[in-house]
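Data block below; observations after.
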Amino acid sequence: MPINYYLFLSLALFTIGMVGVLTRRNAIIIFMCIELMLNAVNLLLVAFSKMHYQAALEAGQLATQAGVEGQLFVFFIMVVAAAEVSVGLAIIVMMYRNVHSVDINFLNRLKH
Amino acid sequence: MSIVQILFWVLAAMALFSALMVITSKNPVYSVLWLIVTFFAISGHYILLNAQFLAVVNIIVYAGAIMVLFLFVIMLMNARQEGAGGSKRWITLAGTVSGGIFLLVLVAALKDSELKTRTAMVMDGQVGLIKVLGNELFTRYVVPFEISSILFLSAMVGAVVIGKKE
């Protein structure tokens with residue numbers, strides 16, 4: 001599979017997540033769009049990992065470990081994302097308890 | 001078209017469509033459900049790339065744990081409506097246009113790059129198997145692995161402290 005296909009698919013997913021962050025006002029949906037962007041990057045990392053693995057195989061290295069770092073990066077990104085979600089949702093719950101809304105426009109009191 | 005290509009295009013279309021539905025649904029519960037569909041499509045891509053470990057972890061962690069957390073929070077706060085009829089029209093327009101420009105610039109920059117002739121190995125390769133990744137994780141990457149457990153502990157404590165009623 002050409003790596004370009006994965007590249008453009010990931011870019012499209014990332015852009016959709018970015019547009020969601022820019023246009024929506026519900027804090028939970030913004031948070032979900034951030035997860036979407038993380039997943040787009042994960043998909044691209046796995047595709048690049050397989051690209052390097054194939055390049056190493058074609059260079060004649062059997063039993064190669066090329067590309068394993070990319071997949072471990074994805075694993076650690078998932079770990080960090082899980083921790084981030086637990087803390088972030090706790091913050092959103094606390095915000096809802098204080099202002100009785102998850103609309104981010106109510107957060108502009110941080111300005112003054 | 002081979003079976004691999006058909007699977008790729010079906011999964012890609014599914015991922016893009018459900019991602020679009022995530023950001024266009026009015027009801028946050030529907031957004032969560034569409035996001036689960038997106039994660040399953042991405043897991044399908046991982047299986048297609050023979051990254052079996054990550055496919056399983058993606059379903060367990062993302063589609064399982066994280067999405068249940070989202071659903072619980074949404075049900076707890078009954079955040080059904082997006083106050084006063086959603087976003088302003090010009091904000092939606094500006095966000096979409098800037099996202100489109102972002103995509104345009106990156107596609108234009110990358111479409112003729114060196115990567116044009118490279119391919120990713122699909123349906124084959126040992127690198128994504130649990131045995132290989134586990135070996136790496138418990139030898140060369142054992143220190144980051146243990147540090148991530150400390151990260152989880154601190155995230156758990158932080159979530160409890162933040163979420164606690166004063």
Looking only at region B:118-166, which residues are within 24 Å of the chain's Cα centre (by Cα), over 30 Å from A:GLU58 (Cβ atoms) and not in a helix (DSSP H, G or I)?
-> none
Give me the pairs: first residue in region B:108-135 and among the acidic types (Asp, Glu), second residue buried (at least 16 other Cβ atoms within 10 Å of the Cβ), beta-carbon distance under 7 Å, and six or more apart or on different chains, which are they?
-> B:ASP124/B:ASN50
Looking at B:ILE59, B:ILE74, B:ILE36, B:ILE23, which one is closer than 24 Å to A:VAL80 by Cβ, without any contact (Cβ under 8 Å) to a residue 12 or more places away in the chain and touching a helix residue (DSSP H, G or I) at 6+ places or on another chain (Cβ under 9 Å)?
-> B:ILE23
Looking at region A:49-57, is at least one residue buried (at least 20 other Cβ atoms within 10 Å of the Cβ), more than 20 Å from B:LYS116 (Cβ to Cβ) and without any contact (Cβ under 8 Å) to a residue 24 or more places away in the chain?
-> no
Helices (runs of 4 or more DSSP H) fully within chain A counting 2 or more residues that are over 18 Å from the mean Cα position of the chain (by Cα) and more than 8 Å from chain B (Cβ to nearest Cβ) = A:27-58, A:68-99
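Computed from the coordinates by the stated procedures, all read-outs in this text should not be read as laboratory data. All of these numbers come straight from a predicted model, not from anything done at the bench. FYI the Cβ positions are ideal-geometry reconstructions off the backbone, even for glycines, and counts take in every protein chain you see.
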